[in-house]
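Data first, discussion second: the structure below is written as structure tokens.
The values are calculated or read from the model by the stated rules, or taken from the named source; none is laboratory data. All of these numbers come straight from a predicted model, not from anything done at the bench. When we count neighbours, we look across all protein chains shown, and the Cβ atoms used for this are built from the backbone with ideal geometry, even at glycine. Remember, those area values only see protein heavy atoms, side chains included, never the ligands or the DNA or RNA. Shrake-Rupley method; radii C 1.70, N 1.55, O 1.52, S 1.80 Å.
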Amino acid sequence: MTTTTARRRARPTELAERVAAADWTALAEELDTLGCALTPRLLGPADCRALTALYDDTSRFRSTVDMTRHRFGSGQYRYFADPLPEPVQSLREAFYPHLLRTARDWAARLGRPAPWPDTLGEWLTMCHDAGQTKSAQILLRYGAGDWNALHRDIFGEMVFPLQVVIGLDEQGTDYTGGEFLLVEQRPRAQSRGTTTVLRQGHALVFTTRDRPVRSARGWSAGPVRHGVSTVRSGHRHSLGLVFHEA
């Protein structure tokens, strides 16, 4: 890779092509098995640095959350204001149709309604009509000693069952620790945990609140929460894409 290529930021069409090029059959199978699935690299270093640099431009955000103050863990994150930055909007639109297939499949297995239309724009209109009008896209920043408690990103009745987090720094170089955590509560059994190293530019798709689990009576919902383990050194940034509004 030349220096010029490494520094160039991806265009919206390139981002959509990279998302589409992922093996979505394999990703869907992994989501079924674990409740999360890691994509190939979608963002180059220049894309990641550009998104990280937005954190200090407070005009881009509608609010800042201090996790210690709210007992969510330790660290800080900011909710983007509308309109969203181009790469954030493009990635959200690119992911939606691929996630929609799994969302509808899971709803069918669990005997739930599948209210999500074919396009993200239509779905967001439904969220707004239901009173959920605020952007839920976030940029997170962790320093040494910071962590994120196990939780779910649910803000109202309108919920999309999958979301995405993209690593913006490289573990082992920019920071240590800080693994992504997914904990599934199993019926009549101890919980199962899954850890993922979120490499720079890669996206992790994961369940928002639960996933279908096969049981003796068919399918049941396995409750899932997610968080981040303690960052041991350096700084860790990530971009969170949520497909419903707050």
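Here are the numbers:
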{"item": "Selection within region 24-45 - more than 16 Å from Thr207 (Cα to Cα) and either in contact with a Ser or Thr (Cβ under 9 Å, 6 or more places away or on another chain) or at pLDDT below 95 (or both)", "result": "Gly44"}
{"item": "Out of Thr173, Thr208, Thr196, sole residue that is among the β-branched types (Val, Ile, Thr) and more than 20 Å from Leu162 (Cα to Cα)", "result": "Thr173"}
{"item": "Filter result (open to solvent by 20 Å² or more (accessible area, probe 1.4 Å), in contact (Cβ under 8 Å) with a residue 40 or more places away in the chain and out of contact with any helix residue (DSSP H, G or I) (no Cβ under 9 Å at 6 or more places or on another chain)) within region 156-172", "result": "Gln171"}
{"item": "Residues that are more than 30 Å from Gly121 (Cβ to Cβ) and surrounded by fewer than 21 Cβ atoms within 10 Å (Cβ to Cβ), drawn from region 142-155", "result": "Gly143, Ala144, Gly145, Trp147, Ala149, Leu150"}
{"item": "Within region 14-29, considering residues that are surrounded by 15 or more Cβ atoms within 10 Å (Cβ to Cβ) and of a type outside the set (Val, Ile, Thr), the one nearest to Phe95 (Cα to Cα)", "result": "Ala16"}
{"item": "Inter-residue pairs, beta-carbon under 7 Å, first open to solvent by 60 Å² or more (accessible area, probe 1.4 Å) and in a loop (DSSP other than H, G, I, E, B) and in region 107-129, second modelled with pLDDT of 95 or more and of a type in the set (Gly, Ala, Ser), 6+ apart", "result": "Pro113/Ala107"}
{"item": "Filter result for Thr195 (modelled with pLDDT of 95 or more and surrounded by fewer than 17 Cβ atoms within 10 Å (Cβ to Cβ))", "result": "yes"}
{"item": "Entirely in region 205-246, the strands (runs of 3 or more DSSP E) that have 3 or more residues that are open to solvent by 10 Å² or more (accessible area, probe 1.4 Å)", "result": "210-215, 218-228, 231-234"}
{"item": "Number of the condition not met by Ala103 [criteria: (1) in a helix (DSSP H, G or I); (2) open to solvent by 60 Å² or more (accessible area, probe 1.4 Å); (3) touching a residue at least 40 places away in the same chain (Cβ under 8 Å); (4) not hydroxyl-bearing (Ser, Thr, Tyr)]", "result": "(2)"}
{"item": "Some residue of region 177-188 being open to solvent by less than 30 Å² (accessible area, probe 1.4 Å) and part of a loop (DSSP other than H, G, I, E, B)", "result": "yes"}
{"item": "Scan of region 17-40 for residues that are part of a loop (DSSP other than H, G, I, E, B) and touching a residue at least 24 places away in the same chain (Cβ under 8 Å), ordered by number", "result": "Ala22, Gly35"}
{"item": "Subset of region 41-61 [acidic (Asp, Glu) and either in a helix (DSSP H, G or I) or in contact with a Phe, Trp or Tyr (Cβ under 9 Å, 6 or more places away or on another chain) (or both)]", "result": "Asp47, Asp56"}
{"item": "The one condition in (1) under 18 Å from the mean Cα position of the chain (by Cα); (2) open to solvent by less than 10 Å² (accessible area, probe 1.4 Å) that His202 fails to fulfil", "result": "(2)"}
{"item": "Residue that is at positive phi, touching a strand residue (DSSP E or B) at 6+ places or on another chain (Cβ under 6 Å) and touching a residue at least 24 places away in the same chain (Cβ under 8 Å), where the choices are Gly240, Gly222, Gly178", "result": "Gly178"}
{"item": "Those residues of region 73-100 which are open to solvent by 20 Å² or more (accessible area, probe 1.4 Å) and either farther than 26 Å from Arg49 by Cα or part of a helix (DSSP H, G or I) (or both), in sequence order", "result": "Glu86, Pro87, Gln89, Glu93, Pro97, His98"}
